[in-house]
Amino acid sequence: MKIMEDCIAGLKKLLGIPEEYAVFFLSSGTECMEMAIENTVEKNSYHFVNGAFSKRFFETAADLRRQAVKCEAPFGAGFDFANAGIPAETELICFTHNETSTGVALDPADMERVALNNPGKLVAIDIVSSAPYMRIDYGKADMVFFSVQKGFGLPAGLGVMAVSPRAITKSNALAENSPQTYHSFKDLLKYGKQFQTPETPNVLSIYLLGKVIRDMLKVGIEEIRGETEQKAQMLYDFFRSSKKYSLFVTDPTLQSKTVLAINTAGGSAGIRDALQKKGLVVGPGYKEFKEKQIRIANFPAHSKEQILKLLQALE
Ligand SMILES: *Cc1c(COP(=O)(O)O)cnc(C)c1O
């Protein structure tokens, strides 16, 4: 209980989560998607889909037999938000802030505008690969979630979701007529009030997250964000002027600060092997881009020195 209480207090401080929001521990980012839908959508959800993870959010809703509607953009592109045509009956609008499959990050101002223009609807934002860098305006977000294996540099196996009082109210209303299992908001809240969980949780991971957050608070979140931007600048400057590599996301307003997808001329496998020999690990492209692209993470755990070393090796 003490471990959980400390971790939640640290999270609220680091990420600016309002005091009145609940913080739930689940098993993964994917489970956060499932629980957001299951607990707050009776019939209609709406999804902005431009890559593999936003697609998974949409498909999760469809799997749960909700009427899931999507606004689709090609991989690597952004959305025409003004003409999205979100149906009036929509209960929950779902965003994937940072599409890890393609390196597209949405402009927070666009998401906030959509929220403002749809005051009666709940908003969920996946920040799995942009936390803790991403700044959330919690006044315009009801469910915000991440898992710990990306920006927090921890082993996989823990999902974290901040939930607004508005979303709790909606889940309570739906609970009367829907099956309630152990990760229903109702049970999570009931146990959470005493800093407990409905099941025996991943205590080690919650403990480690608390420690990572304490380290991050020592450095300062603004310092971490500033350093993330400096490292992103180094990476983008290099790829913009490179003759051998090119950026998959060409619109500068959509280029993610935390995940870059890079087109390679000669295929990605050889480059990844050569980098590995120097102790540098980059990802392949996602699915159909596997052989053509490399993907580079720019998380708080990556130092400026490591980014420089990577760029020298790529050169
Ligand atoms: C990795 C990722 C997920 C899935 O998270 P899991 O913890 O593996 O379930 C969801 N969304 C985004 C944007 C991701 O990068």
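All but one of (1) over 30 Å from residue 77 (Cα atoms); (2) over 17 Å from the mean Cα position of the chain (by Cα) hold for residue 155, so report the exception by its number.
(2)
Looking at 106, 64, can you tell me which residue is within 26 Å of residue 14 (Cβ to Cβ) and either touching a residue at least 24 places away in the same chain (Cβ under 8 Å) or among the β-branched types (Val, Ile, Thr) (or both)?
Of the residues listed, the single one that is within 26 Å of residue 14 (Cβ to Cβ) and either touching a residue at least 24 places away in the same chain (Cβ under 8 Å) or among the β-branched types (Val, Ile, Thr) (or both) is 106.
Restricting attention to segment 89-116, which residues are part of a strand (DSSP E or B) and not polar (S, T, N, Q)?
Residues satisfying the conditions are 92, 93, 94, 95, 99, 104, 105.
Which of the numbered conditions does residue 156 fail, given that it passes all the others? Conditions: (1) small (Gly, Ala, Ser); (2) within 26 Å of residue 53 (Cβ to Cβ); (3) not in a loop (DSSP other than H, G, I, E, B).
The number of the failed condition is (3).
Residue 144 passes all but one of (1) outside any strand (DSSP E or B); (2) in contact with a helix residue (DSSP H, G or I) (Cβ under 8 Å, 6 or more places away or on another chain); (3) crowded, with 20+ Cβ neighbours inside 10 Å; which number fails?
Answer for residue 144: the failing condition is (1).
Please enumerate the residues belonging to segment 160-193 that are under 21 Å from residue 9 (Cβ atoms) and within 16 Å of the ligand (Cβ to nearest atom).
Scanning segment 160-193 gives 160, 161, 162.
Kindly indicate which of 55, 70 is more than 19 Å from residue 250 (Cα to Cα), in contact with a His (Cβ under 6 Å, 6 or more places away or on another chain) and surrounded by fewer than 21 Cβ atoms within 10 Å (Cβ to Cβ).
70
Please give the helices (runs of 4 or more DSSP H) falling wholly within segment 178-250 in which 3 or more residues are surrounded by fewer than 19 Cβ atoms within 10 Å (Cβ to Cβ) and touching a residue at least 60 places away in the same chain (Cβ under 8 Å).
Filter on segment 178-250 gives 203-219, 221-241.
For segment 36-60, give me the residue count where each residue is out of contact with any Leu (no Cβ under 6 Å at 6 or more places or on another chain) and within 14 Å of the ligand (Cβ to nearest atom).
15
Return the pair list, or none, for Cβ contacts closer than 9 Å from residues in segment 12-26 that are assigned to a helix (DSSP H, G or I) to residues that are at pLDDT below 95, at least 6 apart or on different chains.
Taking only residues 6 or more apart or on different chains, not a single pair turns up.
If you check residue 115 against the conditions, is it within 16 Å of the ligand (Cβ to nearest atom), in contact with a strand residue (DSSP E or B) (Cβ under 7 Å, 6 or more places away or on another chain) and without any contact (Cβ under 8 Å) to a residue 60 or more places away in the chain?
It is false that residue 115 is within 16 Å of the ligand (Cβ to nearest atom), in contact with a strand residue (DSSP E or B) (Cβ under 7 Å, 6 or more places away or on another chain) and without any contact (Cβ under 8 Å) to a residue 60 or more places away in the chain.
Among what's in segment 122-159 and is free of Cβ contacts under 8 Å to residues at least 40 places away in the same chain and more than 13 Å from the ligand (Cβ to nearest atom), pick the residue that is nearest to residue 255 (Cα to Cα).
If we take residues in segment 122-159 being free of Cβ contacts under 8 Å to residues at least 40 places away in the same chain and more than 13 Å from the ligand (Cβ to nearest atom), then 137 is nearest to residue 255 (Cα to Cα).
The values are calculated or read from the model by the stated rules, or taken from the named source; none is laboratory data. Quick caveat: nothing in here was measured; it's all calculated off a predicted structure. Virtual Cβ from ideal backbone geometry, glycine too; neighbours counted across all protein chains shown.
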